[in-house]
Amino acid sequence: MTDKPKGPNKRAGEKGPNVNGWLGIKFTKERQEEFCNELAKHNLRQKACRAVGVSPDTVSNHLHNDEDFRRLYLAAVEDYKESITAEIHRRGL
């Protein structure tokens, strides 16, 4: 099990230094890559958000405002599509 940085306790009213995710942890390039790796596994945005600890709104904002993240995101979706196509061919469907 990996130790992920813990964010603020929002129920207790704590705020992080840059509250732009569910955990109040900045959505850095490393976390964006982690998100996209999760997305490429199953193409479920909500599940990838939970795995990385980022809100769907943060992902949407970055998709609209960060061209580098948008490219990573679209590449992850393409990777998923290719993996599904390969599985279809493997099964002979």
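Considering only the stretch 5-15, I want to know if a residue exists there that is in contact with a Lys or Arg (Cβ under 7 Å, 6 or more places away or on another chain), surrounded by fewer than 17 Cβ atoms within 10 Å (Cβ to Cβ), in a loop (DSSP other than H, G, I, E, B) and modelled with pLDDT under 90. Don't jump to the end; show me each part of the working.
At the first step, the residues of the stretch 5-15 found to be in contact with a Lys or Arg (Cβ under 7 Å, 6 or more places away or on another chain) are 8.
Subsequent filtering for residues that are surrounded by fewer than 17 Cβ atoms within 10 Å (Cβ to Cβ) retains 8.
With the extra rule that they be in a loop (DSSP other than H, G, I, E, B), the set shrinks to 8.
Cutting the leftovers down to modelled with pLDDT under 90 gives us 8.
Yes; the residues of the stretch 5-15 include at least one that is in contact with a Lys or Arg (Cβ under 7 Å, 6 or more places away or on another chain), surrounded by fewer than 17 Cβ atoms within 10 Å (Cβ to Cβ), in a loop (DSSP other than H, G, I, E, B) and modelled with pLDDT under 90.
Take residue 54 and tell me if it is out of contact with any strand residue (DSSP E or B) (no Cβ under 8 Å at 6 or more places or on another chain) and either closer than 23 Å to residue 82 by Cα or at pLDDT below 65 (or both). First the steps, then the outcome.
On the way: out of contact with any strand residue (DSSP E or B) (no Cβ under 8 Å at 6 or more places or on another chain): yes; either closer than 23 Å to residue 82 by Cα or at pLDDT below 65 (or both): no.
Answer is no for this residue.
The values are calculated or read from the model by the stated rules, or taken from the named source; none is laboratory data. All values reported here derive from a predicted model rather than from experimental measurement. Virtual Cβ from ideal backbone geometry, glycine too; neighbours counted across all protein chains shown.
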